[in-house]
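Report on the structure given below.
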Amino acid sequence: MKRTLFHRFWAIAKLYWFGNEKWGALSLFLTIIAMILVATHINVLINNQKGNVLDALAAKDVNKLWVNIWKMLALYVISMVIWSGYNYLRKKLSLYWRKWLTSHFLDKYFRNRAFYELSQFSRKIDNPDQRISEDINKFADDYLVFFFDILYTCLQVIAFSTVLWDISPTLMVILLIYIGSGTIITTLLFGRKLLKLNFEQQKKEANFRFGLVRIRENAESIAFYRGETQELNQVMNLFNQVFINYNKLIFWQELLLNAFIKFYQYSPYIIPTIIIGPKILSGSLEIGKFAEAQGAFENLFTAMYVIIRRFPELVGFAAGVERLYEFYNFLQQPKRGIKSENIQPTTINTLEDSCLALQNLTLYTPNYQRILLQDVSVKLESGEGILIVGASGCGKSSLLRALAGLWNSGNGTIIRPKLEEILFLPQRPYMVLGTLRKQLVYPLVNDTIIDQEMHKVLQEVNLPYLVERFGGFDVEQDWANVLSLGEQQRIAFARLLICKPKYVILDEATSALDMKNEDNLYHHLLGMQTTFISVGHRPTLFKYHHLILELLEADNWQVRKVGEKSMN
């Protein structure tokens with residue numbers, strides 16, 4: 001069943017309002033409602049005082065005039081304090097809600113490596129960073145703005161309808177017809193079109209921003225390739241999509257919709273005069289009543305045409321809800337990988353044990369379109385090393401992804417220890433944001449490594465100069481840019497020496513190193529009695545391993561001991 005916008009909104013909103021912070025949120029919520037109730041009553045009193053001031057002027061009663069002026073000033077001061085408090089508390093509630101939702105979405109995003117599946121397999125959920133950083137913020141803040149606006153509208157209608165009805169029932173009826181017809185016209189004429197344009201605008205803005213970030217992150221590679229022209233064309237193409245869509249958006253929103261709204265805004269100054277003016281001129285109604293009627297009409301009009309006035313923001317809010325619900329729905333799904341329409345998907349059976357083994361493993365690409373490995377069986381004894389070799393594209397790195405639990409498309413069995421006992425070293429190590437200390441202890445969360453031990457580890461991986469070069473372990477740098485790839489790979493080995501895992505998987509982890517550094521690092525690895533799997537092409541790697549798994553053409557493979565000749 002296709003969910004309505006309200007159901008999509010409520011699916012996300014209820015997480016907070018029925019969560020562990022509900023009582024604190026509810027107390028703030030009720031306090032804001034109480035402030036709006038008081039503010040509405042003060043508005044009625046201010047409107048009444050305006051009429052009294054005009055009556056005093058008409059009667060030329062100086063004392064009555066000043067008494068009513070001071071009363072009105074006092075009411076204005078109270079109103080100012082209440083509305084300032086209202087804005088502060090509403091923003092505070094919005095901030096708490098945003099914090100809770102951000103924490104909830106981030107937890108789902110990182111749990112079971114959903115962030116990886118999203119980046120690899122899902123093309124529909126674009127720019128998750130924007131959905132977390134911007135859409136959640138708009139979701140919380142815009143909802144509270146609209147909710148309290150509508151509540152204030154209802155209270156204004158209740159408070160001022162009686163005032164306006166007592167003075168002129170005709171004016172009240174005209175107002176209801178006028179507002180009702182305007183709301184219907186606005187919704188039907190502009191609703192669907194603006195919703196689509198706003199949704200697309202958010203997507204295209206995020207794509208443009210991502211394109212610029214990507215250039216910054218790959219600046220050196222682009223410069224080496226002299227790819228400035230291609231990159232310029234690419235980002236300009238992304239910006240042109242932003243420009244074209246925004247051009248349509250401002251035509252519908254700023255030209256057509258705003259013209260319609262402006263036309264509506266002039267009515268409070270004209271309609272009361274047309275309806276009540278003749279009564280004032282005939283003397284059947286005091287001039288003070290005219291001020292009250294016009295004030296009541298203006299307040300009712302401002303309140304009741306809230307949908308027309310806020311329509312651009314409402315459409316933007318609806319588009320944000322759609323994007324956030326898409327993301328929420330993706331994170332709720334237990335299995336998110338791409339499914340094939342042509343094959344019955346099967347998944348690899350993973351067993352946890354104190355060894356590494358493959359039993360009749362057949363590995364597919366995640367979309368089940370191609371077989372990478374077929375019926376592979378091999379067992380690695382504790383403390384041994386196996387080297388996986390083969391032509392580029394034969395499935396070496398894919399096998400490592402399967403061992404890490406990132407890919408499970410296929411059949412057969414993988415026996416491995418708990419993932420917490422395995423450390424993966426990719427060809428390009430991940431450099432975290434933060435200090436050199438954080439780089440060395442990653443992925444440990446709580447480290448108790450003293451500086452002397454870290455100095456020793458840096459010495460072992462031939463990086464003794466890093467501390468002096470950057471001014472200590474607690475200096476923050478953009479490490480991915482200030483360190484060469486070879487230095488980054490040695491940092492990865494330093495992590496290995498600090499974490500001391502029982503099992504290590506290395507995906508061309510020494511490809512940027514000279515043979516001397518490679519030999520040094522592998523000797524440290526062998527000295528730790530660690531069980532390890534390597535992927536690489538260099539013949540120099542053979543001597544550090546006990547077994548070789550060679551992936552051949554046509555999904556063939558063979559396992560042999562180091563020193564034995566290949567059957568290929």
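The values are calculated or read from the model by the stated rules, or taken from the named source; none is laboratory data. Worth saying up front: this structure is predicted, and the values here are computed from it rather than measured. Don't worry about glycine lacking a Cβ; one is built from the backbone with ideal geometry, like all the others, and counts go over all protein chains shown.
Thr530 satisfies every condition listed in (1) among the hydroxyl-bearing types (Ser, Thr, Tyr); (2) under 29 Å from Gly410 (Cα atoms); (3) in contact with a helix residue (DSSP H, G or I) (Cβ under 7 Å, 6 or more places away or on another chain) except (3). Could you tell me which residue of the stretch 126-143 is farthest from Tyr364 (Cα to Cα), considering only residues that are crowded, with 18+ Cβ neighbours inside 10 Å and among the aliphatic types (A, V, I, L, M)? Ranking the candidates gives Ala140 first.
Listed by position, the strands (runs of 3 or more DSSP E) contained in the stretch 342-394 that have at least 2 residues being surrounded by 16 or more Cβ atoms within 10 Å (Cβ to Cβ) are 356-364, 371-380, 385-390.
Tell me yes or no: at least one residue of the stretch 187-208 is more than 26 Å from Glu134 (Cα to Cα) and part of a helix (DSSP H, G or I).
Within the stretch 187-208 (the criterion being more than 26 Å from Glu134 (Cα to Cα) and part of a helix (DSSP H, G or I)), the answer is yes, since at least one residue qualifies.
Residues are listed down the side, and each one gets a yes or a no for (1) among the aliphatic types (A, V, I, L, M); (2) at pLDDT 80 or above; (3) farther than 30 Å from Phe327 by Cα:
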position: Lys124; (1), (2), (3): no, no, no
position: Ile136; (1), (2), (3): yes, yes, no
position: Cys154; (1), (2), (3): no, no, yes
position: Leu171; (1), (2), (3): yes, no, yes
position: Tyr178; (1), (2), (3): no, no, yes
position: Leu189; (1), (2), (3): yes, no, no
position: Lys196; (1), (2), (3): no, yes, no
position: Glu205; (1), (2), (3): no, yes, no
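Per the conditions (1) of a type outside the set (Asp, Glu); (2) part of a helix (DSSP H, G or I); (3) within 33 Å of the chain's Cα centre (by Cα), the sole criterion not satisfied by His524 is (3). Answer yes or no as to whether Phe251 is modelled with pLDDT under 75, closer than 28 Å to Tyr178 by Cβ and among the aromatic types (Phe, Trp, Tyr). The answer is no for Phe251.
Take Asn411 and tell me if it is at pLDDT 85 or above and surrounded by fewer than 20 Cβ atoms within 10 Å (Cβ to Cβ). Walk me through it before giving the result.
Values: at pLDDT 85 or above: yes; surrounded by fewer than 20 Cβ atoms within 10 Å (Cβ to Cβ): yes.
Judged against the criteria, Asn411 is a match.
Please find, among Gly288, Gly320, Gly211, Gly295, the residue that is assigned by TED's automatic domain parsing to the domain that holds Gln130, at negative phi, crowded, with 19+ Cβ neighbours inside 10 Å and at pLDDT 75 or above.
Working: Gly288 fails: at pLDDT 75 or above; Gly211 fails: crowded, with 19+ Cβ neighbours inside 10 Å; Gly295 fails: at pLDDT 75 or above.
Gly320 is the lone residue from the list that is assigned by TED's automatic domain parsing to the domain that holds Gln130, at negative phi, crowded, with 19+ Cβ neighbours inside 10 Å and at pLDDT 75 or above.
Residues in the stretch 421-441 that are in contact with a Cys (Cβ under 9 Å, 6 or more places away or on another chain) and closer than 19 Å to Pro464 by Cα: Val441 alone. For the stretch 223-236, the condition holds for no residue, the condition being that it is polar (S, T, N, Q), at pLDDT 75 or above and surrounded by 16 or more Cβ atoms within 10 Å (Cβ to Cβ).
Considering (1) surrounded by 11 or more Cβ atoms within 10 Å (Cβ to Cβ); (2) over 23 Å from Glu518 (Cβ atoms); (3) under 33 Å from the mean Cα position of the chain (by Cα), the lone condition that Ala480 does not fulfil carries the number (2). Checked against the criterion of being on the phi > 0 side of the Ramachandran plot and loosely packed, with under 14 Cβ neighbours inside 10 Å, the candidates Lys60, Lys91 yield just one match: Lys60.
Only one residue in Val432, Val461, Val457 is of a type outside the set (Phe, Trp, Tyr), surrounded by fewer than 16 Cβ atoms within 10 Å (Cβ to Cβ) and either out of contact with any strand residue (DSSP E or B) (no Cβ under 7 Å at 6 or more places or on another chain) or at pLDDT 85 or above (or both), so which one is that?
So the residue among Val432, Val461, Val457 that is of a type outside the set (Phe, Trp, Tyr), surrounded by fewer than 16 Cβ atoms within 10 Å (Cβ to Cβ) and either out of contact with any strand residue (DSSP E or B) (no Cβ under 7 Å at 6 or more places or on another chain) or at pLDDT 85 or above (or both) is Val432.
For the criterion of being touching a residue at least 24 places away in the same chain (Cβ under 8 Å) and assigned to a helix (DSSP H, G or I), Ile69 fails.
Can you tell me which of Lys108, Lys91, Lys99 is basic (Lys, Arg), free of Cβ contacts under 8 Å to residues at least 40 places away in the same chain, closer than 20 Å to Leu15 by Cα and part of a helix (DSSP H, G or I)?
Numbers: Lys108 fails: free of Cβ contacts under 8 Å to residues at least 40 places away in the same chain; Lys91 fails: free of Cβ contacts under 8 Å to residues at least 40 places away in the same chain.
Just a single option satisfies the conditions, and that option is Lys99.
When Val475 is tested against (1) in contact with a helix residue (DSSP H, G or I) (Cβ under 7 Å, 6 or more places away or on another chain); (2) more than 29 Å from Val559 (Cβ to Cβ); (3) surrounded by 17 or more Cβ atoms within 10 Å (Cβ to Cβ), exactly one condition is not met: (3). Tallying residues that are among the β-branched types (Val, Ile, Thr) and either without any contact (Cβ under 8 Å) to a residue 60 or more places away in the chain or in contact with an Asp or Glu (Cβ under 8 Å, 6 or more places away or on another chain) (or both) within the stretch 173-213 yields 4.
Taking the stretch 122-176 as the range and being of a type in the set (Val, Ile, Thr), assigned to a helix (DSSP H, G or I) and either closer than 28 Å to Lys203 by Cα or in contact with a Gly (Cβ under 7 Å, 6 or more places away or on another chain) (or both) as the test, the residues that pass are Ile132, Ile136, Val145.
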